[in-house]
1. Output the residue which, of all residues in region 172-187 that are of a type in the set (Ser, Thr, Tyr) and touching a residue at least 40 places away in the same chain (Cβ under 8 Å), is nearest to PRO44 (Cα to Cα).
2. If I ask for residues that are under 15 Å from ARG210 (Cβ atoms), touching a residue at least 60 places away in the same chain (Cβ under 8 Å) and assigned to a helix (DSSP H, G or I), which ones from region 44-65 would you list?
3. Across region 134-160, what is the number of residues that are more than 16 Å from the ligand (Cβ to nearest atom) and within 21 Å of the chain's Cα centre (by Cα)?
4. Residue by residue through region 247-258, note down the ones that are hydroxyl-bearing (Ser, Thr, Tyr) and outside any helix (DSSP H, G or I).
5. For region 67-80, how many residues are among the charged types (D, E, K, R), touching a strand residue (DSSP E or B) at 6+ places or on another chain (Cβ under 8 Å) and within 14 Å of the ligand (Cβ to nearest atom)?
6. Among the residues of region 81-98, write down those that are of a type outside the set (A, V, I, L, M) and near the ligand (Cβ under 9 Å from one of its atoms).
7. Just to check your reading of the model, which residue among GLU190, GLU131, GLU158, GLU169 is among the acidic types (Asp, Glu), in contact (Cβ under 8 Å) with a residue 24 or more places away in the chain and either part of a strand (DSSP E or B) or surrounded by fewer than 19 Cβ atoms within 10 Å (Cβ to Cβ) (or both)?
8. Across region 99-114, which residue is nearest to the ligand (Cβ to nearest atom) among those that are part of a loop (DSSP other than H, G, I, E, B) and modelled with pLDDT of 95 or more?
Amino acid sequence: MTHHPSPRPPGAPYRAGWIHFTNVAPILDSLVLPEGVSAITGVPTQMNAALLSGEVDIANISAVEFIRNADVLEALPDFSVAVLGPVYSVNLFHTRPLEELRRVALTAQSAMSVALLEVLLRERGLSPVLERAEGEAEALLAQGFDGVLRIGDSALREWYGVVGPLTPETTMTSLPHSARGISVTDLAEEWFRLTGHPFTFAVWAYRKDRPPPPALVQAMREARRDGIGHLADVAARHARKLGLPERVVQHYLWNFRYHLEAPDRLGLHEFAAKAVPGHAPLTFGPRPGQE
Ligand SMILES: C=C(O[C@@H]1C=C(C(=O)O)C=C[C@H]1O)C(=O)O
């Protein structure tokens, strides 16, 4: 896919598009946009489209859209939403074993998780019917789907609703994977079982002809340092918003890898080879200090 919107006129404001899920809060919550930069927010598929149409100049987008459009996009070298092992918020809720799935409901909010699910099903030689359908997992399961893919804050809440509660004796990782007849398969954990690598869900991508002003990248790095340095506060604030225990949100957040380090790139390249064979080479901006 190649898009050619006209270049930004000199002096025009630089526009950012943020997917503002809780997992990006440690970067975005304390971000102070430099002068001349504005921002809109939306779900992943909206921000993917906004970046590709030229409506915004930079966005934290689904990694798969970065890979599919690697000919026109470049990514910041040190920003990611990645995990090694479970992520807790990219979940397949199912009522029969994976091998017996017939009809799976997909969310229209996410490009990444759909592409990941397709890779994981293919690796197991499975091919259930995949359909777009919105709604809560339990409601969709009651309507005849035997699998429901959910992402983001609502997936985290629904996961906890099925497998919780956390008690002082338990940890997030010791919670069961099924309860009340519903199993939850965490797609990032499945990816880890398959590859032993992290899974990179999002990168911060921009059009190659519209790189971000250095002041914006600097502000993002400072905001991330502040957010990670005050993770308990970020978690407490978002736990209230989500209606989840603080301990759950704190574990959810500290589990993310936000710096696109070598293992995260390895996972990204491995996923790219599996999901988008023949993709253009992935390019990244200069590393901090080398700009
Ligand atoms: C892991 C998640 O990460 C997000 C998932 C995305 C997607 O599925 O396309 C895009 C951006 C990420 O921030 C999540 O929100 O559950």
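The values are calculated or read from the model by the stated rules, or taken from the named source; none is laboratory data. Predicted model, so just to flag it, every value in this text is computed and none were measured. No Cβ is skipped: glycine too gets one built from the backbone with ideal geometry, and neighbour counts run over all protein chains shown.
1. Selected residue: THR185.
2. Within region 44-65, just LEU51 meets the criteria.
3. 2
4. Our first condition is that a residue be hydroxyl-bearing (Ser, Thr, Tyr); within region 247-258, this holds for 252, 258.
Across region 247-258, the qualifying residue is only TYR258.
5. From region 67-80, those among the charged types (D, E, K, R) are 68, 71, 74, 78; that's our starting set.
Of the ones still in play, those that are also touching a strand residue (DSSP E or B) at 6+ places or on another chain (Cβ under 8 Å) are 74.
Checking which are within 14 Å of the ligand (Cβ to nearest atom) leaves us with none.
Adding up the residues that qualify gives 0.
6. Here is the first cut: in region 81-98, the residues of a type outside the set (A, V, I, L, M) are 85-86, 88-89, 91, 93-97.
Passing the criteria: TYR88, SER89, ASN91.
7. It is GLU131.
8. LEU101
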